[in-house]
Each structure stands twice: as C-alpha cells, then as structure tokens.
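Enquirer: Got a structure here, written out as structure tokens. Questions coming.
The values are calculated or read from the model by the stated rules, or taken from the named source; none is laboratory data. Just so we're clear, the structure is a prediction, and the values are computed from it rather than from any experiment. Glycine also receives a Cβ, built like all others from the backbone with ideal geometry; neighbour counts cover every protein chain displayed.
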Amino acid sequence: MLHKYQCPHCKSEEITCRKWVDCREDVIIDYTTGHIEYGPPQINENEVCGNQVDFICKKCNTPLFYTQLWVHDERDLREYLSHTSEQIERENDEYLEAEAEEHAAKEKYEECQMIDD
Ligand SMILES: [Zn+2]
C-alpha cells in the first residue's frame, strides 16, 4: 500500500512527471535583414535525454524529495510514497537542519584553520 502524496509546500495532491526530451527547431536566418526565426518544434518523445526524469508537484513544481533521495523513477516514487507526508516533512526538516549545522560547523572549522595559518 502507498501513502497519498501531499506537497509539503502547497499541499497539492497531484504529481507530475517532468521529462527532458530531444526537441529540435530549424533556425531560419534572413541574412539581409538579420532576422532570425525558428521552425516548428520537432519533439522526439521516445527519447528521454540522459536520465532526466523528475517527479514534481503539479501545482508548484516542488521536486519530490525524501532525506537524500530525489525521485527520478517509479522505484523512487514507490519508496517516497511508502512514507506518510507527515513523516516525509518531519524527516526532511531534520535532515536539512542537520545539513545546515554540519555546513556551519565546517565553515567554522575552516575559519579556525585560516586563523591558525
Ligand atoms: Zn506543491
């Protein structure tokens, strides 16, 4: 069973999958006037560029994120939805706080190093 998604930012319950696809437009240049135009986009929907798939909130584009995990594929999505939205929000807050503390500690450490030199 999976838990219902709720965006921690806007509380929307809809997820959208964002794919980076190969899109080409012919460049039409009028060399006399310097006018540049683009032809109709030709999108290759079968080709996802690299591994560039993100699951994001449909309403506010906040990426689905759980502690260290960015949700890129269906396996990640299942892992994400195996937690309740309250759990995700709480653990993300703790994770980001710990990250910030670690960052501050590291900066302080580096400052001390500089003074020592
Ligand atoms: Zn949202």
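Enquirer: Within segment 27-96, considering only strands (runs of 3 or more DSSP E) that don't extend past its boundaries, which have at least 3 residues that are more than 26 Å from E14 (Cβ to Cβ) and at pLDDT 90 or above?
Expert: Here the list reads 27-30, 35-38.
Enquirer: Any idea which of (1) in a strand (DSSP E or B); (2) within 16 Å of the ligand (Cβ to nearest atom); (3) among the charged types (D, E, K, R) is the one D22 doesn't satisfy?
Expert: (2)
Enquirer: I'd like the full set of residues that are charged (D, E, K, R) and near the ligand (Cβ under 10 Å from one of its atoms), limited to segment 1-19.
Expert: K11, E13, E14
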